[in-house]
Amino acid sequence: MSSHPSTLAQTKRLLSGKDLFFMAMGQTIGAGIITNTGLAIAAAGSGVILAYLMAFFVTYIGNLPNLFFATVNPVRSPSYVSTSWLNKKLGGYWLYTQIFAALAQAYMGSAFGSYIHSIAPSINPNVAACVIILIFYIINLFDLKTSALIQNVITAFLLLTIASFIVLGAPKCDLGSMFKSENFFYGGWLGIFNGCALVLFGVGGCALLPNFGPDMENPRRNIPKMTTIVYICAFFAFGLVAFVGSGVAPIAEVAGQPMTYQAKLIYPGNGYLLFVIGGALLAIITTINSNFARYWATIIRGVDEGWLPGFFGRRNRFGIPVVLHTTFFLMAFIPNAMGMNIGALAGLASAISLIPQLIPVWGFVQMPYRVSEDWKKAARISRIFASRSSRILLCFFSTILIGIFVVLNVLNFSRSTTIFFIAYFAITGVICFGFGNRILESGAKRLVAKEAESPST
């Protein structure tokens, strides 16, 4: 087993544009398209398509600094690197908050188990959850190209299922009624805004690709190109499913319903099971698959720099940090195996990882000083954002744009969740800012030792 951090940069099989498209689309189209869309319809009516348009616009513009950062400097764990440019200790602080994001994988497993149980009541949902998590843990022990090839096939079937929902459902919609103001503005503009807030963080998978810069072909071209294509395609997938779902029956009937309810109205006989299997289950599977790679790729640079013990960074021969990967697997597997309150755990994960998402965008301001040669090569970006004030303005606008919805989500936290994340922030703050120099010095010595052990790499 290799422990040398440069192993990941030496990917034997690089991800193509097609791999990147299916990876990000599969990550984005998760269980939220089934559950959250119904809630958004309850808020916005048939104007839910505007809510999705707003959500994709907000997340795309809000993530532009991160997208530009990775385009100019396609490194491993770009958000960590960007935050570290602001302050090394702040980078560690950000890393510790992102570890908890992996608890969301437990929720995805639980959702898979629930759908399986609804189709075959004799199957224990917890067992089904554990099995699917285990399968994709094993698959992701191999190189990224292997999991990407599987993702390509599954996501293709997922997209075909979504297309069938739209094509079969559209003729059943009463467009005249849907565009009446009482339906299209069911909750007024506030309803559309609230609908956007409900689905906003469910479309965040579109921003997945910058984490895999070292693993893809021509990252400076593919990161901006494929990310933009995924945003556009995902909007049409989400928006049209939501729009059709809001029109196959009166708004009052479909409001708040999972999209499986509308599927029963659209598909003949038991054909709705096609949507349950090819839509709901495959959406969850593709998210689980891409999550495993995303979790370690997001923080591995910081692990190599010392913020976690050295054994967490040890790679297998495929370049996968096995201990870290296994840790994230156990964070998803154990709650399902023990029948824990996964909804509460997912809520904690969201609380802890949400607010720090506003920090990395500000690293974009530092780019001309940190990677001056790469900055000059990115002629278009460096020309548009040549002045420091223009970069600050973009980062400020992105922070406000995303921050509004972060605050809305924070206001919905329960008292116990709020207490927990405040306590966690305080503890990690003491660790990072009180002992950060010592941790970083130890990490630097570790990296030097690894370089000495692997001079050929």
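Quick check on my filter: what residues within the stretch 188-217 are small (Gly, Ala, Ser) and free of Cβ contacts under 8 Å to residues at least 24 places away in the same chain? Explain how you work it out, then say what you get.
Start the filter on the stretch 188-217 by keeping residues that are small (Gly, Ala, Ser), which leaves 188, 191, 195, 197, 202, 204-205, 207, 213.
Answer for the stretch 188-217, where residues must be small (Gly, Ala, Ser) and free of Cβ contacts under 8 Å to residues at least 24 places away in the same chain: just Gly188.
Looking at Ala283, Ala234, which is the one that is closer than 28 Å to Ala102 by Cβ, in contact with a Gly (Cβ under 7 Å, 6 or more places away or on another chain) and of a type in the set (A, V, I, L, M, F, W, C)?
Details: Ala234 fails: in contact with a Gly (Cβ under 7 Å, 6 or more places away or on another chain).
So the residue among Ala283, Ala234 that is closer than 28 Å to Ala102 by Cβ, in contact with a Gly (Cβ under 7 Å, 6 or more places away or on another chain) and of a type in the set (A, V, I, L, M, F, W, C) is Ala283.
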Considering only residues that are more than 19 Å from Gly205 (Cα to Cα) and buried (at least 23 other Cβ atoms within 10 Å of the Cβ), which ones fall in the stretch 41-60? Ile41, Ala43, Ala44, Gly45, Ser46, Gly47, Val48
Residue under question is Ser389, and the condition is that it be hydroxyl-bearing (Ser, Thr, Tyr), at pLDDT 90 or above and under 25 Å from Ile352 (Cα atoms); does it hold? no
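Look at the stretch 254-294 and say how many of its residues are of a type in the set (Phe, Trp, Tyr) and without any contact (Cβ under 8 Å) to a residue 60 or more places away in the chain. Can you show your working first?
The initial filter retains those residues of the stretch 254-294 that are of a type in the set (Phe, Trp, Tyr), namely 261, 267, 272, 275, 292.
Remaining after also requiring without any contact (Cβ under 8 Å) to a residue 60 or more places away in the chain: 272.
Number satisfying all stated conditions: 1.
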Enumeration of residues in the stretch 391-401 that are surrounded by 12 or more Cβ atoms within 10 Å (Cβ to Cβ) and farther than 15 Å from Ser82 by Cβ: Leu393, Phe396, Phe397, Leu401
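If you take the residues of the stretch 443-457 that are in a helix (DSSP H, G or I) and surrounded by fewer than 13 Cβ atoms within 10 Å (Cβ to Cβ), which of them is modelled with the lowest pLDDT?
Just the residues of the stretch 443-457 that are in a helix (DSSP H, G or I), to begin with: 443-453.
Filter once more, so that each one left must be surrounded by fewer than 13 Cβ atoms within 10 Å (Cβ to Cβ): 444-445, 448-449, 452-453.
Numbers: Ala444: 89, Lys445: 87, Val448: 83, Ala449: 78, Ala452: 70, Glu453: 67.
The qualifying residue modelled with the lowest pLDDT is Glu453.
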Among the residues of the stretch 153-163, is any more than 16 Å from Ile49 (Cβ to Cβ), in contact with a helix residue (DSSP H, G or I) (Cβ under 7 Å, 6 or more places away or on another chain) and not in a helix (DSSP H, G or I)? no
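The values are calculated or read from the model by the stated rules, or taken from the named source; none is laboratory data. Note that the coordinates shown come from a computational prediction; the quantities given were computed from them, not determined experimentally. Cβ coordinates were reconstructed from backbone atoms using ideal geometry, including for glycine residues, and neighbour counts include every protein chain displayed.
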